1. Contact list please: Cβ distance under 8 Å, first residue in region 18-37 and assigned by TED's automatic domain parsing to the domain that holds Val138, second residue outside any helix (DSSP H, G or I), pairs at least six apart or on different chains.
2. Name the single residue that is surrounded by the fewest Cβ atoms within 10 Å (Cβ to Cβ) among those in region 93-111 being modelled with pLDDT of 95 or more and of a type in the set (A, V, I, L, M).
3. Give me the residue from region 109-137 that is of a type in the set (Gly, Ala, Ser) and assigned to a helix (DSSP H, G or I) and, out of that set, nearest to Ala23 (Cα to Cα).
4. Given the conditions (1) out of contact with any helix residue (DSSP H, G or I) (no Cβ under 6 Å at 6 or more places or on another chain); (2) touching a residue at least 12 places away in the same chain (Cβ under 8 Å), report the number of the one that Ile54 does not fulfil.
5. Listed residues Lys53, Lys45, Lys73; which is farther than 30 Å from Ser132 by Cβ and at pLDDT 95 or above?
Amino acid sequence: MATKSILQNKMRVYHRYLGYFLAGIMAVYALSGIVLIFRDTDFLKRNKQVRQKIEIGLDAEALGKALRMRDLKIESVNGDTVSFKQGTYNKATGMAEYTIRGLPVIMDKLTKLHKANTKHPLYYLNVFFGLSLLFFVVSSFWMFLPKTTIFRRGLYFTLAGLLLTIILLFV
């Protein structure tokens, strides 16, 4: 019985201090997650003029790839000047001038943090954060004794949260 009590107390202490440590990280992830919800809108986005030299003589598909623009559509061609919705490209000189919509620097960094993959060093933070959240899930079941009403009620809330997530995934 004493080892069960010691384990419960240790889990509570780890849960508490890891929670304090991760409070700032959770706030950042929450903000970046909210911003990412609106990534297909112009929410918080600003215009930025770009002037870039790229390869000479590109067709529409290659131009879209070079400028990293999906579904780039050519509106008109006047001599060597190719016009598209966001700007122009000179086939002879390779100079492209266009406007992009982007988040302010801080918000852009936050969304990159949220979307980091294995090619980006921030992915270690993402893995650590994910494992920490998983620890929170597991350690929260040691916060109260299993025979108490609070624990049983907590299990109902856990089940409700799980069911709501599954329902929303398939809607």
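The values are calculated or read from the model by the stated rules, or taken from the named source; none is laboratory data. Everything numeric in this text was worked out from a predicted model, so none of it was measured. Positions of Cβ are backbone-derived with ideal geometry, glycine not excepted, and every protein chain shown enters the neighbour counts.
1. Final answer for the pair search is Val35/Phe43; Val35/Leu44; Val35/Leu103; Leu36/Lys115.
2. Top of the filtered list is Met95.
3. Ser132
4. Going through (1) out of contact with any helix residue (DSSP H, G or I) (no Cβ under 6 Å at 6 or more places or on another chain); (2) touching a residue at least 12 places away in the same chain (Cβ under 8 Å) one by one, Ile54 breaks only (1).
5. Within the list Lys53, Lys45, Lys73, the selection yields Lys53.
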